[in-house]
Amino acid sequence: MFTAEFSSAVSQAQLQVLTPALSLRHYILRNLLFLGPLSLLLTLTLLYIWRRWDSRKMSLAEEIRKGIADGEFSVHYQPVCDAATGTCSGAEALMRWQRPDGRSISPVVFIRAAEEEGLIVSLTQHLFSLIEEDVRTWQVTAPFHLGVNIAAPHLTDRSFTTDVLRLWVSLDPAFRLVLEITERSLVEDTETASAKLYELRQKGCQVAVDDFGTGYCSLSLLQSLPVDYLKIDKIFIDSLTSAGADTPVLDTIIDLSRRLNLTTIAEGVTAVHQVDWLIKNQVQYVQGYYYGRPMRAADFYLWYRERSKTHTGERVVATQHQESVR
């Protein structure tokens, strides 16, 4: 028999329940017969999901390698314009991936996969090669800022400096190469990043902190790094919902850039009231759909040439020149 006792502290009463051992064993066995297969099914399901995810991740890595070899990647260029004049002062180079069946893979997906699978350096080297080919025949007004995104693993890789200089010397002297690096990349290995960026800056490259305000870059760290530009993240530009919008964070970022004597570039600009506000608050450059979406190389160059005709003479003469590394 199975015995269970229940006592009451109030009435001093005690209740004893007697249950046949056979009934208890039957109860346990019945639940085991039900829960056993259920647990096994759950385990197999989770294993299947994990295997599918793991194989998909591995297959995506292989597809990236194949995509590089088969020429599936291309570069789109988004205009960066002078806020005051509207003149196109440069462009950001953005990698795109279109599969043979016409599907486009999001940069968020393939860049993350490349970083996780140790392919980001190879992918960035391929980006540089595509840029070299794209801009070889471009005739641009100096200084034309060409922004390229640098991932954290590449920044600390031994090939980084050589890769950047190879791209740099291939460009026409009218180009000014701007290395766009996120706050996270700078924080992860500040000493290594700083040393390499100082070396490249001495050669004539420039450095921009990308998506500024979304990371953990402290004022002291910012002061110690060879930085030329702060790119204000789109989330802060989105806060400009009207001409009189309250923007304490954006105000702080702009004030900080002034104190550090850094040039500001506003990302994600889509409306004229945003441009007006940015001009009023002395933000020098703007980037976003207001001026143009990312375009294929041929389309961007055609757009640039047409726009240059309508802004002749409005460009400020360059005050900085590229070093003799060429």
- Item | Residue within the stretch 242-256 that is surrounded by fewer than 12 Cβ atoms within 10 Å (Cβ to Cβ), modelled with pLDDT of 90 or more and polar (S, T, N, Q) present | no
- Task: Return a yes/no flag: does the stretch 309-317 have any residue that is of a type outside the set (D, E), at pLDDT 85 or above and not in a loop (DSSP other than H, G, I, E, B).
- Result: no
- Please report, ordered by residue number, the helices (runs of 4 or more DSSP H) entirely within the stretch 199-306 with at least 3 residues that are under 30 Å from T162 (Cβ atoms). 219-224
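On the basis of being touching a Phe, Trp or Tyr at 6+ places or on another chain (Cβ under 8 Å), β-branched (V, I, T) and either closer than 30 Å to P173 by Cβ or in the same structural domain as A174 (by the TED database) (or both), does V80 make the cut? Step through it out loud before you land on a result.
Details: touching a Phe, Trp or Tyr at 6+ places or on another chain (Cβ under 8 Å): yes; β-branched (V, I, T): yes; either closer than 30 Å to P173 by Cβ or in the same structural domain as A174 (by the TED database) (or both): yes.
The answer is yes for V80.
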- Complete set of residues in the stretch 257-298 that are loosely packed, with under 14 Cβ neighbours inside 10 Å and among the aliphatic types (A, V, I, L, M): L260, V272, A298
- Subset of the stretch 71-101 that is of a type in the set (G, A, S) and closer than 16 Å to Q125 by Cβ - its residue that is surrounded by the fewest Cβ atoms within 10 Å (Cβ to Cβ): G71
- Do we have S104 as touching a strand residue (DSSP E or B) at 6+ places or on another chain (Cβ under 7 Å) and buried (at least 16 other Cβ atoms within 10 Å of the Cβ) here? no
- Item | Test set (1) under 20 Å from A298 (Cα atoms); (2) in contact (Cβ under 8 Å) with a residue 12 or more places away in the chain; (3) part of a loop (DSSP other than H, G, I, E, B); (4) not basic (K, R) - A84 fails condition number | (1)
- Task: Enumerate the pairs (first residue in the stretch 187-207 and of a type in the set (D, E); second residue anywhere and not in a loop (DSSP other than H, G, I, E, B)) with beta-carbon separation below 9 Å, excluding pairs fewer than 6 apart on the same chain, so at least 6 apart or on different chains.
- Result: E188/A152; E188/L155; D189/A152; D189/L155; E199/T161
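Report the residue count in the stretch 174-195 for those that are part of a loop (DSSP other than H, G, I, E, B) and either in contact with a helix residue (DSSP H, G or I) (Cβ under 6 Å, 6 or more places away or on another chain) or at pLDDT 95 or above (or both).
Step one: filter the stretch 174-195 for residues part of a loop (DSSP other than H, G, I, E, B), giving 174, 189.
Still in the list and also either in contact with a helix residue (DSSP H, G or I) (Cβ under 6 Å, 6 or more places away or on another chain) or at pLDDT 95 or above (or both): 174.
The total comes to 1.
The values are calculated or read from the model by the stated rules, or taken from the named source; none is laboratory data. Note that this is a predicted model, so its numbers are computed, not measured. In this analysis, Cβ positions are derived from the backbone assuming ideal geometry, glycine residues included, and neighbour counts consider all displayed protein chains.
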